[in-house]
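Single-structure report; data block below.
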Amino acid sequence: MPGEPQNSEELVLAFLAEAGDEFVSGEAISDKLGLTRTAVWKHVEALRSHGYRIDAVPARGYRLVGVPDRLTPLELRPLLNTHDLGQTLHWYEELGSTSDRAKELADEGADPGTVVVAETQTAGRGRRGRVWASPPRRNLYFSVILRPELPPARAPELTLVASVALCDALRQAGVQAGIKWPNDLLVSGRKIAGILTELAAEPDRVHWVVVGAGVNVNARAEDFPEELRAAATSVLLERGQAAPRALFAAACFTALEEWLDRHAEDGFGPVRDAWRERSVTLGREVIVEADGREIAGTAEDIDESGALLVRSRAGVERILSGDVTLLRAR
Ligand code: BTN
């Protein structure tokens, strides 16, 4: 079920959107929604001030002709196909980091599935303290609050769940992404998306997990800092065509919820199989930086907890967290 409109402005928008290219009269809208004609007109004006282009023609009514490229609940809710994920959506034009905001909301008791999304981040974070480039209105930056029934030791599985889901959403968008362990999404060796998983837990219980995802959707080369240009890519750069960000965000939320449900019902097994199928790491010669050490060898598999198994001269090493550099294919 698509998300239900929550207020009169969303209802007016949903009504106009449903009419497609057709005009709808102010009278029809006010009858259907139980609003006065003046209220309908005010909502139309409010929508226009948010960037919606709405024709108004005497004796014919209103017609929606343009939707702004934003990710507010107004644009996203009608596209959502999820039972929980994104149904509560906190949108910001600018934020330090969506994950920092999601962690605050999680501490305040926010429901699982709550999403924080921003058009730009001034302190976007990657793994290992790296900066996540977050040019305004080009890409997707979001964080999801989860409250899984998992012991803390199994929380890293969620990172792999998210990487499989984003890989699927990218492939649906026509981009042949693959996963570099544990959770980098690459296309032809260039990074298109990354995932940062953080949690608060007691020894035997997870309070919350925040999965933060950054996907380069419509970034052009010049939107990335110069030092990243050779290593980063985007849906736009790969397809030569921009993607509607709201649709793409909704596809990510759907894929993520489907894989989270699957993980909750069937455990890590199916996720592990799906991750292996999408992996660009397995079978490759790699160098892994982990715990201040460098391990060179062949990435053989991931184990039943998602750890990377690398065959080095010393034997098979089990790596729980680290940075992988891919060398040549075997
Ligand atoms: C990585 O590949 O190192 C992980 C990148 C994660 C970036 C996302 S963007 C949304 C969320 N907010 C953050 O500050 N980081 C994550």
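Computed quantities for the displayed model
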quantity	calculated
Residues located in the stretch 2-53, provided they are over 17 Å from PRO73 (Cβ atoms) and part of a loop (DSSP other than H, G, I, E, B)	GLY20, ASP21, GLU22, PHE23, SER25, GLY34, LEU35, THR36
Output for the stretch 76-125, where each listed residue is within 14 Å of the chain's Cα centre (by Cα) and aliphatic (A, V, I, L, M)	LEU76, LEU80, LEU85, LEU89, ALA102, VAL115, VAL116, VAL117, ALA118
Residue count, the stretch 53-72 (criterion: within 28 Å of ALA242 (Cα to Cα), of a type outside the set (S, T, N, Q) and surrounded by fewer than 21 Cβ atoms within 10 Å (Cβ to Cβ))	10
Condition met for VAL211 (among the hydrophobic types (A, V, I, L, M, F, W, C), within 15 Å of the ligand (Cβ to nearest atom) and touching a helix residue (DSSP H, G or I) at 6+ places or on another chain (Cβ under 6 Å))	yes
Within the stretch 111-158, tally of residues that are within 14 Å of the ligand (Cβ to nearest atom), closer than 30 Å to PRO68 by Cβ and among the small types (Gly, Ala, Ser)	7
Flag if GLY86 is away from the ligand (no atom under 13 Å from the Cβ) and touching a residue at least 12 places away in the same chain (Cβ under 8 Å)	yes
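Just so you know, all these numbers are worked out from the coordinates, no wet-lab data involved. Given the structure is predicted, the values throughout are model-derived calculations rather than measurements. A quick note on method: Cβ atoms are made from the backbone with ideal geometry, for glycine too, and the neighbour counts reach across all protein chains shown.
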